[in-house]
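Here is the structure we will look at.
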Amino acid sequence: MQADYPPVFERDMGCTEAEWLHWLPDAIGDHPWRREGTRLRVDFATGGRLELAWTVASPRVIALIRLPRLLVQFRFDAVDDDRRYRFMKRFDLYMQRGGG
């Protein structure tokens, strides 16, 4: 998790598009959203919005392992620093994957 989130940033996500779409509703929470192809808009009750756009990238190859990749752009519009941080904290927790 980051200490802050700028209004516009990109991420290289280690997942397939199907996984991403499966996880998105829980990561977004109760905010209304609308998807059009490889774009998604999230509206905040306090005003402002988040626009997500993604592209399927070539897999990351490490020896015999092939890891899927999705390049995702986050663009917050009229969302203050605190609201961005709270949204992304939840979003990151829901998108986090790992073993234990």
Per-residue HN-Hα couplings for region 70-79 [Karplus 6.51, -1.76, 1.60; θ = phi - 60°; Hz; x = Gly/Pro]
10, 8, 10, 9, 10, 9, 8, 10, 6, 10
In whole Hz and in residue order, list the ³J(HN,Hα) couplings for region 54-60 that follow from phi through the Karplus curve 6.51 cos²θ - 1.76 cosθ + 1.60, θ = phi - 60°; x for Gly and Pro.
9, 9, 6, 10, 5, x, 7
Counting Lys and Arg as +1 and Asp and Glu as -1, what is the net charge of the other residues whose Cβ lies under 14 Å from the Cβ of Arg90?
0
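Would you compute, from DSSP H runs of 4+ residues alone, the mean residue ellipticity of the chain at 222 nm, taking -39500 (n - 2.57) per run and dividing by the full residue count, rounded to the nearest 500? Could you put the intermediate results ahead of the total?
Details: 2 runs with 27 residues, N = 100.
Theoretical 222 nm ellipticity from helices: -8500 deg cm²/dmol.
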Probe 1.4 Å, all protein chains present, accessible-area order of Tyr5, Tyr94, largest first
Tyr94, Tyr5
Residue-normalised accessible area of the chain, expressed per residue, 1.4 Å probe, Å²
64
Once amide hydrogens are built 1.01 Å from N within the peptide plane, the residues lying 5 or more places from Asp80 or on another chain with amide H under 5 Å from its amide H are none
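The values are calculated or read from the model by the stated rules, or taken from the named source; none is laboratory data. Given the structure is predicted, the values throughout are model-derived calculations rather than measurements. A quick note on method: Cβ atoms are made from the backbone with ideal geometry, for glycine too, and the neighbour counts reach across all protein chains shown. All accessible areas refer to the heavy atoms of the entire protein, side chains included, with ligands and DNA or RNA removed. Shrake-Rupley method; radii C 1.70, N 1.55, O 1.52, S 1.80 Å.
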